[in-house]
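Asker: Below you will find the structure I want to go over with you.
The values are calculated or read from the model by the stated rules, or taken from the named source; none is laboratory data. Keep in mind the model is a prediction, meaning the values are calculated, not measured. Using ideal geometry, Cβ is built from the backbone for each residue, glycine included, and neighbour counts are taken over all protein chains shown. With ligands, DNA and RNA removed, areas are computed over all heavy atoms of the protein, side chains included. Shrake-Rupley method; radii C 1.70, N 1.55, O 1.52, S 1.80 Å.
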Amino acid sequence: MVPRTGVTVDIGLRDLPMALIGSAGGALALWAEAPVEIAVPVALLIVLDIRFHRWRRRI
């Protein structure tokens, strides 16, 4: 996916406790035989810190 001009997407790991919670939640969901299509994206949303920034070019 390519963002539009003027949009910056920053993706990084969250602080350690949130990363552990997301990893443990994803592992628990897979262990409990939840569908992979649901468990993995939800765990990634918890683990990753995704930020969208809009900026304008000043003329």
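Asker: Looking at (1) of a type outside the set (A, V, I, L, M, F, W, C); (2) open to solvent by less than 80 Å² (accessible area, probe 1.4 Å); (3) not in a helix (DSSP H, G or I), find the lone condition where HIS53 falls short.
Answerer: Single failed check for HIS53: (2).
Asker: Please list, ordered by first then second residue, the pairs with beta carbon atoms under 7 Å, 6 or more apart or interchain, first in the stretch 1-12 and among the polar types (S, T, N, Q), second open to solvent by 100 Å² or more (accessible area, probe 1.4 Å) and at pLDDT 60 or above.
Answerer: Taking only residues 6 or more apart or on different chains, the pairs are THR8/TRP55.
Asker: Within the stretch 1-43, how many residues are touching a helix residue (DSSP H, G or I) at 6+ places or on another chain (Cβ under 8 Å) and open to solvent by 90 Å² or more (accessible area, probe 1.4 Å)?
Answerer: Counting residues in the stretch 1-43 that are touching a helix residue (DSSP H, G or I) at 6+ places or on another chain (Cβ under 8 Å) and open to solvent by 90 Å² or more (accessible area, probe 1.4 Å) gives 4.
Asker: What is the residue count in the stretch 22-50 for residues that are in a helix (DSSP H, G or I), in contact (Cβ under 8 Å) with a residue 24 or more places away in the chain and either of a type in the set (Phe, Trp, Tyr) or in contact with a Lys or Arg (Cβ under 9 Å, 6 or more places away or on another chain) (or both)?
Answerer: Going through the stretch 22-50 one residue at a time, the tally reaches 3.
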